[in-house]
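Structure provided below as structure tokens; questions to follow.
Read-outs throughout are calculated quantities, based only on the coordinates presented, and are distinct from any laboratory measurement. From a predicted model like this one, the values you see are computed outputs, not experimental measurements. Cβ placement follows ideal geometry from the backbone for every residue including glycine, while neighbour counts extend to all protein chains displayed.
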Amino acid sequence: MELLEIQRGCLCGNRDSKQFWIYGDSKEEVCGAFCETCGKEWLDEKFFETLMTEEIFITIETKRFYFRQYKKASPTTRIVCQSRRVQQGDHLRWVEVQGKEKLTFDAIVESVDDDRKLASVISLQKLAFCEITIGRMLIDLSMVTNLQIVDYGSLCDPAALVVARALASCQVETKVYNILTCKSKVLAGYCKCGPGHGWRAMWLVGTEVSEVLKTLLGSSWVTGREEDCIRVVEQGYAKTKIKSGILFAMDGSAVAFELEDAIAERQGCTDRGSYLDAFIKRFIDILVEKGFKISGAVASGTPGGGIGCFEVPTLEVKMSFFMGSVIKGEVIRAPQKAVGSQLGRVFGQVIHMSVKRGDEEVQLSEINEGDQVVLPGHLSHPRCHAIVVTVNTKTNKLKLIRNMYSRGVVEEWVEVSPPILRVSYGGAPMLPPEEVLQRARSKLGENRYNILTYNCKHFASWCKRR
Ligand SMILES: [Zn+2]
């Protein structure tokens, strides 16, 4: 792919065109870009009915592309079985039986021939083990049984944009992904509606988690693929693939690692059981260091595994996971009661937004003086609550008063990037803006931050509440 000059880069700091998926339209002109680093999407003016964020843009070869807000709702998909009505930009789903197993495929239609017989589709393709790439293939629609079209209703973008996203995703230079960062259903959803919550969560969380797994277990995956997680655990997916090792499943993707005795010995453990315990503990510790919150039952004592949730406070993301040890082909389930109905419940939740009702995502231009905002920051930094003093939409900056661990209550300009959340108190009586600011200013210079009793949120709420 030719290198494009990005004069004004993404809000995250990325301005390397190799780190963007560049969208091209039918005339081969650039019509948008997806930032790989932070998951933001930038689009040509023509894709907006009304441009609300005129002040937030990037420039590629002197042309401006504007920030596209994440869709707030996740698509409620309706599946229609009409094989003869396949069109460009459709999300197709079908099932293939391979041996004893049923495999589900998801793909985006790049084009169809006039007879609606052959379709060129873009989908994830397996390379080896759990490595995947995104590529193009030709399918004969008449040969596919159970063909379905996934309908996204009004959430769906125009077919031209859907195809542009799909093409951009597979024209990225020979990139190999792993199944923890990318899966076909989520990829199709991104092509149809843009990088929504699920896509961003998977991308950003999956990258961190797979880094940690690779660091702890060595660089190579043993096996892995998209799976129904319950089936993975209950029906012995690991049995045929792996003798003894670790099975890790997260939101519909599973990877397994064969353990050599040598690894356990290297880590100073005398047997596999104690190695697995140490591994799980270390795994959780590193993720916590990286800013993840782990909830749920992570087993200790018995060699087995755990089930729980990753929470990334700054992303408002929760993802469920299962980790189990495999001994002689059997997945050892501990705690026992975590498997079965409970496992189903946890995985049923998949990814969801945990934004409290009342917190709303807002544009910079919608923010007023005296508002209480929550800034997302980076993965390793917690959510930060602050009181707004001044808004400058030209420079993307907010002048804020907040209570910080390092410096106490300070007033300063801060460059912000979406998503920005505004805290609303659901009709509860609040002080008028001028009094909120007065209260905030009265504490400037004070330095008695305490994470439990007087943190940034306590301070901001005190400023607001009557
Ligand atoms: Zn970015």
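In whole Å, what is the distance between the alpha-carbon centres of region 385-437 and region 1-24?
Answer, in whole Å: 31.
Okay, next question. So what are the ³J(HN,Hα) numbers for region 147-163, from phi and the Karplus equation (6.51, -1.76, 1.60; θ = phi - 60°), rounded to whole Hz, Gly and Pro as x?
With the stated coefficients, region 147-163 comes to 5, 10, 10, 8, 9, 9, x, 6, 6, 6, 8, x, 3, 4, 6, 4, 5 Hz.
Quote the FRET efficiency, to the nearest 0.05, computed for THR59 versus SER111 with a Förster distance R0 of 45 Å and r equal to the Cβ-Cβ distance.
0.90
Rounded, prolate or oblate: which one fits region 6-67, using the alpha carbon gyration tensor with axes a ≥ b ≥ c (rounded when a/c is under 1.5, else prolate when a/b beats b/c, else oblate)?
Oblate shape, in that a/c is at least 1.5 and b/c is the bigger or equal ratio.
State which entries of LYS214/LYS281; LYS293/LYS397; LYS18/LYS126 exceed 18 angstrom in Cα-Cα distance in the structure shown.
LYS293/LYS397; LYS18/LYS126
May I ask which of LYS102/LYS185; LYS290/LYS457; LYS399/LYS464; LYS117/LYS192; LYS399/LYS443 have a Cα-Cα span longer than 19 Å here?
Violating the 19 Å Cα-Cα cut-off are LYS290/LYS457; LYS117/LYS192.
How far apart, in nm, are two points set 7 Å out from the Cα along the Cα-to-Cβ line at GLU289 and at HIS458?
Label at GLU289, label at HIS458, 2.9 nm between them.
Turning to a different aspect of this structure: I'd like to compare 438-448, 15-25: which one has the highest average count of other Cβ atoms within 10 Å, and what's the full order after that?
The packing order, highest mean first, is 15-25, 438-448.
Right, next: Near the amide H of ARG116, under 5 Å away, which other amide H atoms are found, from residues 5 or more places off or on another chain, if H is placed in the peptide plane?
none
With an 8 Å cut-off on Cα pairs and a minimum separation of 6 or more residues, tell me the relative contact order of region 6-67 in percent.
Computed value for region 6-67: 34 percent relative contact order.
If R0 is 60 Å, what FRET efficiency do you get for SER424 and ARG282 from their C-beta distance, rounded to 0.05?
It comes out at approximately 0.90.
Let me ask something else about it. Suppose R0 equals 30 Å; then what is the FRET efficiency for GLN125 and GLU360 from their Cβ-Cβ distance, rounded to the nearest 0.05?
For R0 = 30 Å, the calculated efficiency reads 0.15.
Separation between the LEU431 and THR393 pseudo-spin-labels, each 7 Å from Cα along Cα→Cβ, expressed in nm?
Spacing of the two 7 Å Cα→Cβ label points: 2.8 nm.
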